[in-house]
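Coordinate-derived values only; no laboratory data. From a predicted model like this one, the values you see are computed outputs, not experimental measurements. Note: ideal-geometry Cβ built from the backbone for every residue, glycine included; neighbour counts use all protein chains shown.
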Amino acid sequence: MDDSESLQLALEFAKEKHKGQKRIGGDDYITHPIAVSEIVKNQGYGESYRITALFHDLLEDTDATEEEILKYGSCEIHEAVKLLTKQKGCDMAEYIGAIKQNPIAFAVKAADRLHNLQCAIVADEEFKRKYILETVDWYMDFSSDIRMAVKRLAESLETPMAELSFLYEPIETWKQ
């Protein structure tokens, strides 16, 4: 993590809000937003993208408020976090379409999906299959890294998924 004051305050806020939450593999939940923030940093994005990554699950998974997001972030970060917050029963086409219109939300969602795919290796077969199919349906065009992560996760399945045969074709022919 960078030593910028706003980034450090955002990290502390996210740590506090995710306190006590665990990931599927048993890690503290905060490891996920930190990893997503590191992914966007490594892709060359700056502080607002990194803070959005730290905050991307706060409205959905904690008692954090929009006012707190604004306090520790900015209007730009708040807007991206709101777009990334999936409402129960949301229309996926609208959800994804809105994310694709916002550069910060798009970059953070791509990093979020990538990290989740990488971590899903510890999940059970049913979860892996569901997550792979959702990714194929909605996120394959977010980045080539996501495509490769789907392929690696699919290769970890005990029984191959016939509907993913396209993963073994040249990348340029993959479903867009």
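Scanning region 52-67 for residues that are within 13 Å of the chain's Cα centre (by Cα) and of a type in the set (A, V, I, L, M), we see that the one that is farthest from A105 (Cα to Cα) is L58. Close Cβ contacts (under 6 Å, 6 or more residues apart or on different chains) running from residues in region 141-164 that are assigned to a helix (DSSP H, G or I) to residues that are small (G, A, S) comprise L153/A120; L164/A154. Of all residues in region 103-128 being over 11 Å from the mean Cα position of the chain (by Cα) and crowded, with 21+ Cβ neighbours inside 10 Å, which is farthest from A154 (Cα to Cα)? Filtering first and then ranking leaves I104.
Among the residues of region 42-51, write down those that are over 21 Å from K82 (Cα atoms) and within 16 Å of the chain's Cα centre (by Cα).
N42, Q43
Out of the residues in region 28-65 meeting the condition of being assigned to a loop (DSSP other than H, G, I, E, B) and either in contact with a Cys (Cβ under 7 Å, 6 or more places away or on another chain) or without any contact (Cβ under 8 Å) to a residue 12 or more places away in the chain (or both), tell me which one is surrounded by the fewest Cβ atoms within 10 Å (Cβ to Cβ). Selected residue: G44. Total residues in region 85-114 satisfying the condition of being over 19 Å from L59 (Cα atoms) and either assigned to a helix (DSSP H, G or I) or touching a strand residue (DSSP E or B) at 6+ places or on another chain (Cβ under 8 Å) (or both): the figure is 5.
Within region 68-80, identify whether any single residue is surrounded by fewer than 21 Cβ atoms within 10 Å (Cβ to Cβ), under 12 Å from the mean Cα position of the chain (by Cα) and not acidic (D, E), and answer yes or no. Scanning region 68-80 turns up no residue that is surrounded by fewer than 21 Cβ atoms within 10 Å (Cβ to Cβ), under 12 Å from the mean Cα position of the chain (by Cα) and not acidic (D, E).
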